[in-house]
Amino acid sequence: MEKLWSPWRSKYIDSFKPGAVKEKGCLFCRELNEDNDEKNFIVHRSERSIIMMNLFPYNSGHLMVVPKQHASTFNELEEETCVECMRNMKLAMNIITDAIHPHGFNVGANIGRIAGAGIEDHIHFHIVPRWTGDSNFMPIINDVKVISEAMEDTYKKLMASLQKCLNEMNC
Ligand SMILES: [Zn+2]
């Protein structure tokens, strides 16, 4: 697997350095409880989990499935929540496929800071679309403004595919 180099993530990595100002509490729990899904780039809410865009994406259309339960390990997650997370990962892939036609995906979770988890207290699953040659062209978009405009664009595209994919999956 070729690694993606996403320079705009340096802003995110800086927020973990000593002395960085941190907002209190869990970011996911905060956004789950907020009533502003568009601002928080939340694509879909179901009973036990949500699908949202990653604010510091590795690639265009990078989605995450986040359980509503604040838990750091698989063992702590309720069984039905695990099942629903998997269903939402399938839905997220279908939405991405319908909206932006990737050639492949990286799917998974980073458990623990050493494995690269940014938010290690609240388990979440990454769905990263991949295109042939993307590790070559992504560094060109090294501009936070371009990234955020691109994210709003992608959010609209994903939302336009949501209902169709929900219907197809009968959920
Ligand atoms: Zn949380």
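The values are calculated or read from the model by the stated rules, or taken from the named source; none is laboratory data. Everything numeric in this text was worked out from a predicted model, so none of it was measured. Cβ atoms come from the backbone with ideal geometry, glycine included; neighbour counts cover every protein chain shown.
Condition check ((1) under 17 Å from N110 (Cβ atoms); (2) not in a loop (DSSP other than H, G, I, E, B)) across all residues:
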| residue | (1), (2) |
| --- | --- |
| E47 | no, no |
| Y58 | yes, no |
| G61 | no, no |
| Q69 | no, no |
| T73 | yes, no |
| E80 | no, yes |
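Considering each residue of region 21-58, count those that are more than 16 Å from the ligand (Cβ to nearest atom) and more than 15 Å from Q69 (Cα to Cα), and give that number.
Selection size over region 21-58: 13.
(1) assigned to a helix (DSSP H, G or I); (2) among the polar types (S, T, N, Q); (3) more than 22 Å from C165 (Cβ to Cβ): which one isn't true of N36, the others all being true?
(1)
I'd like to know if region 72-88 contains one or more residues that are surrounded by 12 or more Cβ atoms within 10 Å (Cβ to Cβ), modelled with pLDDT of 90 or more and closer than 20 Å to P57 by Cβ.
Yes.
Suppose we filter region 90-100 for residues that are in contact with a Leu (Cβ under 9 Å, 6 or more places away or on another chain) and without any contact (Cβ under 8 Å) to a residue 40 or more places away in the chain; how many remain?
1
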